[in-house]
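Working notes for the structure below.
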Amino acid sequence: MPLCAQGSFQNLDFEAAEFVTIPGTFGAVVFSNALPGWTGYIGGEIQTATLPDGIPIGPPGSLPFIAIVGPPADQGLYMVSFGSAYDSTGITVPVALAQTGQIPAQVQSLEFLSLYPTTVLISGQYLPTVRLGDGPGYLDRYGVDISSFAGQLHEIRFLAGGINYLDDIRFSASPVPEPRVQMILLGGTLALFGIKRRVSDR
């Protein structure tokens, strides 16, 4: 049960993008216009530019980046692609997207679409990510329990692990299942599938 209220957060679906080209660059645009409300970090440095509609050319993991790209069908106009990378010494260059705001009261969870489980921090506190189900195209829906932060001012930060996508972030009044419960449900589903298959093989 999603909540309509976003608290004081904005542009959680990344649809408010405006592309203001930075002169003298190869198509880079002003970050604050392309991703209003959000702050991007690469290697701890705040980003002032971003790439529209693509990721850097090169081997995966060779360049850290934050880009605004087109999503799967029926998922609006834009989503974010971001990726961490390794420097010349083999140390990971972290990439993050963050926004600070008032989390709505009575909220239970934060849901979002992503390609892989995305690390989520609330004011620096790590929250376990739970897969909630299939999303559009190649994305899945994930969630984190933020019930203990409801009604408070906090930074929400998403960390890129490898190349990932992020879209349709929403606050929800529905709790996320505990990972242990998810494993039990998955085990039960696999067991039922196995029984059904044995019966059909007879």
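No value in this document is a laboratory result; all are computed from the given coordinates. Owing to the predicted nature of the structure, the values given are computational and were not obtained by experimental measurement. Ideal geometry is used to build each Cβ from the backbone, glycine not excepted, and the neighbour counts take in all protein chains shown.
Between Ile91 and Tyr138, the distance separating the two model label sites (each 7 Å from Cα on the Cα→Cβ line) works out to 3.2 nm. Computed from phi, the 3J(HN,Hα) profile of region 13-26 under the Karplus parametrisation 6.51, -1.76, 1.60 (θ = phi - 60°) reads 9, 6, 7, 8, 5, 10, 9, 10, 5, 8, x, x, 10, 8 Hz, with x in place of Gly and Pro. Please work out the FRET efficiency for the pair Ile55 and Glu15, using the Cβ-Cβ distance as r and a Förster radius of 22 Å; give the result to the nearest 0.05. Efficiency at R0 = 22 Å is approximately 0.65. Considering only beta bridges that DSSP places wholly inside region 29-197, some 95 percent are antiparallel. Take the Kirkwood radius over Cα pairs of region 29-197, plug it into Stokes-Einstein at 25 °C and 0.890 mPa s, and you get 143 µm²/s for translational diffusion.
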